[in-house]
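One structure is given below, encoded as structure tokens.
The values are calculated or read from the model by the stated rules, or taken from the named source; none is laboratory data. Being a predicted model, the structure only gives us computed values, none of them experimental. Heads up, the Cβs are rebuilt from the backbone with ideal geometry, glycines too, and the neighbour counts pull from every protein chain shown.
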Amino acid sequence: MASKGWAIAAAIIIIIIIIGVVAYYMSTRPGPVTTTTSTSSPTTSSTSTTSSSSSPSPTTSAAPSKPVLTGNFEKDVIAIGKYLESKGIHTVKFTVWATGDPNSVMRMYGLYEAAYRINKIWEENGINVKIVMSKFWESSFKKLYDEFLSAVPQGTNGDFFVNSYIYIANLASQGYILDINSYVEKYWNSVFKDFYTPLMEAAKYKGHYYAVPQDTEARPIYVRKDVAACMGWDISNLAQLVKEGKFTWHDMYKKAEEAVSKGCAKWGLIHRKGSAHPDLVQFIFAYGGKLYDPNTGKLVFDVPAIYKWFATEYAFAQHKLLPKDMMSWDWAQQIHPTVVNNCKGSPTGCTLFFIGGTWHWTEWQTKAYYYDPSTGKRRPLTPEEEVKKFYYMLFPAGDSGDKPVTLSQPFMWMIAENAGKDNPNYDQLKDVYHELAFLMIVKASDPEINAIHSVISGHVPVRKAAAALLKNETWINDLINMKINLSPEVKKAIEPIVKKTASKINIEFLANVSYMLDYTHLAPSHPQYPKLAGYFADAINKVLMGSMTPKDAVNYLIQKIKADPDLSKAVEIVGSIPTNWSFP
Amino acid sequence: MKIRKTSLLFFLGPALFVVALFYIIPLFLSVYISFTPMVDWNVNRYLTQFVGLQNYERLFHIVMYDPDMRAVIMTTVVFVLVTLVINVFGGLLLALATYFMDEKMSAAYQGLWLLPRMTPIAVYSLLWYYFFHSSGIGVLNSILLKLHLINHPIALGLDPKYLPWGAWFIIIFVNGLVGVSYGMIIFYSAFKSIPRELIIAARVDGASTTRIIRHILLPLTKWHFTFVTVWQMFSLLMTYAQTFLLVEWRVVDSTWGQTWALYVFRTAFTTTKDQGLAAAASTFLSIIGIILGIIALKALGYEKMILEPKGDI
């Protein structure tokens, strides 16, 4: 018995010691802003352009005063460089965390190019400071967001975070990203005035800028021309009919049914997998619904529009025009091959319609989704082949009287609240590191960098000067021939993509889809929206699988919202299931 | 006596330290977090804020009103019970089979069953993702289609026709295949530690294999049986990794494939990132685990097994 008592006593003492150590560590532990842990997980790759020591060294000249942004880029860069040099800093390390389709690499390399250009200014002015960049790429934007959330408290996050604007609200409310309002104001006239207003608005949270737009896009419906021809359907004026609201989702259904019944395609419609945001929530807008009420600041659960969305997809799936297990399809193995190829043994495409995005246009030119029957091998499509295969149009209106839509999910440059954390004297110099990070974003937003990104990734420019470059024949030819003035590293990284995608056809495509932005909607930037969007995905999966009727799915979501105290406070449920409406 | 106490501390100390560091403290931390409003891993903001029982009230509200929670509870009960039976009795059967095999053959056979445990979780789950995939690219579907047993691919884990059993079958199958090897190893080692003379003597007396199993092997491995049962029960209550990936990749229905442990994980890491709520759900699961553990130990006669021998040794 005595030995048992001793063992228990020993255990208690050990636990107390450990708790004491943990408590001491927690009480003395600096916040995320002061953490200096380097980004070791997830692994990052860094450039090797550093040529100077990063250890602080004493300075002999009179120290310049702490810089304050003026709105004059070169002046600000020089002032920051001189100040850092005076503090003995010769190397500044930054890491960018970015995400997207395989062609959107300029979300990382835009900042590499910015670093290169700033380094050049410093070099020309005899300032011995260099920016060294590292990068981390994750193909899923949601996964990158999850990783960023858990990394910030540990101080292992990237200094720059390039992701969808929908996360701004949550990241800003948690204090994870920097309020750059005062910086943006300084550069308003010289830079941000040129940006499209709705995109700048999307970069705000509670009236303050927390981000800078990097790109945007439209989500066209792609139509396989060969399938339409097989049906004997003349689609030459279809985009116009959609634009005028004369071709609705009811007509989409009829055409999809016709394509399948005539044996011209296996499927009538294919769309994204996994999540409902952003592609599928377009249905809510197409049926005249809304997701957010700016007057109340609340999310809106628009019952009639959501019911109509579910009923539309239910009809497609139940009549085998859309795969029931669409939400679990594999992008590379199933979705893209189904869209770009012909079905086995068929002379025409596998699907009539595809709810896609502008970036797919160039993705199909760089990824080997197309099965070439002449060689028996997979390869990317050429721009010419794409023109031959695909027609594109807006997301049609739900009912007659509704309007066609598209949905944009602008990507944003964001600066982590602890940006610069991996550099010496962070506590004293953090404001300077933050200013430098902002200036890098300013440089990465150069029209040329933005335009290159648009051409190679099929995204729409965020500023007028970049859009103008896409109409500049000389500039286009320079890009095609890679005569653009870029750092050797960035040039090398993007050259293979440029070779495949920089073509006049693609630039024409961007010009052709740009009108869609007049019809665009943005999903709400609300802290609770990602949660609601997650519930939408579960519900639509059940509807497609047939385990819930549209009515059951709407009621299921209402129950889910009401069961969650936080969500029920943030969401306003409006309207009721329409009784005198049916689909198709 | 003093030397005995010092020796006890000396030998038990390191183990106690490890147990405290990796088991007791995380448990206390989890309970502590359940009393904070922690979301989005914002440790610096929320760790010192105290919200009392708010997370438990929210959890209760969700359990009462969320349409998926009934399925979560049912899935947890079915998953733990069925997989436990498979893991314990499957492990026992495999151990018996390999015990009576030739040594080399036995090692190879055990190695084969250990493969799922040795394969990284993501790779193992990916294998079953492609096996159970709901379309023609799924291995199971392509086999059934080739054999003309089905005309169209079936979505076993998703199609309402097969729910909830289709989803349950997949998660039980995938987890059972991993868990069964644990019982096999423990029981096999236990059988091997029984003096060989006992078996030989029984054989000489004409005992059949069944009798040897019933009267020698099983009675002498009661302790191991109790250990495997209780350990596996705890493991199954807490496990989520393979199931998470299958649900996330949408091979299994997100409602009927979600156990309580997976609900905790998704709440903390993926869906709502509400660590306060997840910690409350996790604490609840720990309490259930402790109660079930005590019941299982009582039912399996643990107290009798640890009684000191009545006679002198």
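B:LEU47 versus (1) of a type in the set (A, V, I, L, M); (2) farther than 20 Å from B:ARG266 by Cβ; (3) within 25 Å of the chain's Cα centre (by Cα): which is the lone unmet condition?
Unmet condition: (3).
Against the conditions (1) farther than 20 Å from A:MET106 by Cβ; (2) modelled with pLDDT under 95; (3) more than 14 Å from chain B (Cβ to nearest Cβ), where does A:ASN128 fall short? Just the number, please.
Exception for A:ASN128: condition (2).
Would you mind stating whether B:TYR109 is hydroxyl-bearing (Ser, Thr, Tyr), surrounded by 14 or more Cβ atoms within 10 Å (Cβ to Cβ) and more than 22 Å from B:SER235 (Cβ to Cβ)?
When the stated conditions are applied, B:TYR109 passes them.
Which fully enclosed helices (runs of 4 or more DSSP H) of region A:137-222 have 1 or more residues being closer than 17 Å to A:THR95 by Cβ, of a type in the set (S, T, N, Q) and not assigned by TED's automatic domain parsing to the domain that holds A:VAL281?
Fully inside region A:137-222 and qualifying: A:141-151.
All but one of (1) aliphatic (A, V, I, L, M); (2) in contact (Cβ under 8 Å) with a residue 40 or more places away in the chain; (3) within 14 Å of chain A (Cβ to nearest Cβ) hold for B:VAL63, so report the exception by its number.
Single failed check for B:VAL63: (2).
Give the number of residues within region B:251-266 that are part of a helix (DSSP H, G or I) and among the charged types (D, E, K, R).
1
Return the residue satisfying two criteria in turn: it lies in region A:337-369 and is surrounded by 22 or more Cβ atoms within 10 Å (Cβ to Cβ) and without any contact (Cβ under 8 Å) to a residue 40 or more places away in the chain, and of such residues it is farthest from the other protein chains (Cβ to nearest Cβ).
A:TRP364
For a quick check of your reading: which strands (runs of 3 or more DSSP E) sit entirely within region A:373-448 and have at least 3 residues that are closer than 30 Å to A:ALA203 by Cα?
Passing ranges, in order: A:406-408, A:411-415.
In region A:90-104, which residue that is modelled with pLDDT of 95 or more and surrounded by fewer than 24 Cβ atoms within 10 Å (Cβ to Cβ) is nearest to A:LYS142 (Cα to Cα)?
Once the filter is applied, the top-ranked residue is A:LYS93.
Where residues in region B:2-59 are assigned to a loop (DSSP other than H, G, I, E, B) and facing chain A (nearest Cβ under 7 Å), which of them is surrounded by the fewest Cβ atoms within 10 Å (Cβ to Cβ)? Don't jump to the end; show me each part of the working.
Let us first name the residues in region B:2-59 that are assigned to a loop (DSSP other than H, G, I, E, B), namely B:34-42, B:47-53.
With the extra rule that they be facing chain A (nearest Cβ under 7 Å), the set shrinks to B:40-42.
On the way: B:ASP40: 24, B:TRP41: 22, B:ASN42: 20.
In this case the residue turns out to be B:ASN42.
One residue is enough: does region B:200-215 have a residue meeting the conditions outside any helix (DSSP H, G or I) and either β-branched (Val, Ile, Thr) or under 30 Å from A:PHE141 (Cα atoms) (or both)?
Within region B:200-215 (the criterion being outside any helix (DSSP H, G or I) and either β-branched (Val, Ile, Thr) or under 30 Å from A:PHE141 (Cα atoms) (or both)), the answer is no, since none of the residues qualifies.
Within 13 Å of another protein chain (Cβ to nearest Cβ), in contact with a Pro (Cβ under 8 Å, 6 or more places away or on another chain) and crowded, with 22+ Cβ neighbours inside 10 Å: is that true of B:GLY276 in this structure? Please lay out each step first, then the result.
Values: within 13 Å of another protein chain (Cβ to nearest Cβ): yes; in contact with a Pro (Cβ under 8 Å, 6 or more places away or on another chain): yes; crowded, with 22+ Cβ neighbours inside 10 Å: yes.
Yes: the conditions hold for B:GLY276.
Looking at A:ASP330, is it crowded, with 23+ Cβ neighbours inside 10 Å, out of contact with any Phe, Trp or Tyr (no Cβ under 6 Å at 6 or more places or on another chain) and within 14 Å of chain B (Cβ to nearest Cβ)?
Spelling it out, it is not the case that A:ASP330 is crowded, with 23+ Cβ neighbours inside 10 Å, out of contact with any Phe, Trp or Tyr (no Cβ under 6 Å at 6 or more places or on another chain) and within 14 Å of chain B (Cβ to nearest Cβ).
Hey, could you check region A:131-149 for residues that are more than 14 Å from chain B (Cβ to nearest Cβ) and among the polar types (S, T, N, Q) and say which is surrounded by the fewest Cβ atoms within 10 Å (Cβ to Cβ)?
A:SER139
Filter region B:66-118 down to residues that are of a type in the set (Asp, Glu), without any contact (Cβ under 8 Å) to a residue 40 or more places away in the chain and within 14 Å of chain A (Cβ to nearest Cβ), then give me how many there are. Before you say what the answer is, go through the steps one by one.
Residues of region B:66-118 of a type in the set (Asp, Glu): B:66, B:68, B:102-103.
Adding the requirement that they be without any contact (Cβ under 8 Å) to a residue 40 or more places away in the chain leaves B:66, B:102-103.
Now restrict to residues that are within 14 Å of chain A (Cβ to nearest Cβ): B:66.
Final tally of qualifying residues: 1.
Quick one: A:ALA563 ticks every box in (1) at pLDDT 95 or above; (2) within 14 Å of another protein chain (Cβ to nearest Cβ) bar one, so which box is it?
Single failed check for A:ALA563: (1).
How many residues does region A:529-556 hold that are within 22 Å of A:ILE166 (Cα to Cα) and more than 9 Å from chain B (Cβ to nearest Cβ)?
The total comes to 6.
Looking at (1) surrounded by fewer than 19 Cβ atoms within 10 Å (Cβ to Cβ); (2) at negative phi, which one does B:LEU236 not meet, given that it meets all the others?
Unmet condition: (1).
Just the residues that are among the hydrophobic types (A, V, I, L, M, F, W, C) and under 17 Å from A:ILE494 (Cβ atoms), please, taken from region A:111-149.
A:LEU111, A:ALA114, A:ALA115, A:MET133, A:TRP137, listed by residue number.
For region A:326-339, state whether one or more residues are of a type outside the set (A, V, I, L, M) and more than 26 Å from the chain's Cα centre (by Cα).
Initially, region A:326-339 is screened for residues of a type outside the set (A, V, I, L, M), giving A:328-331, A:333-334, A:336-338.
Then drop every residue that is not more than 26 Å from the chain's Cα centre (by Cα), which leaves none.
No - not one qualifying residue is present in region A:326-339.
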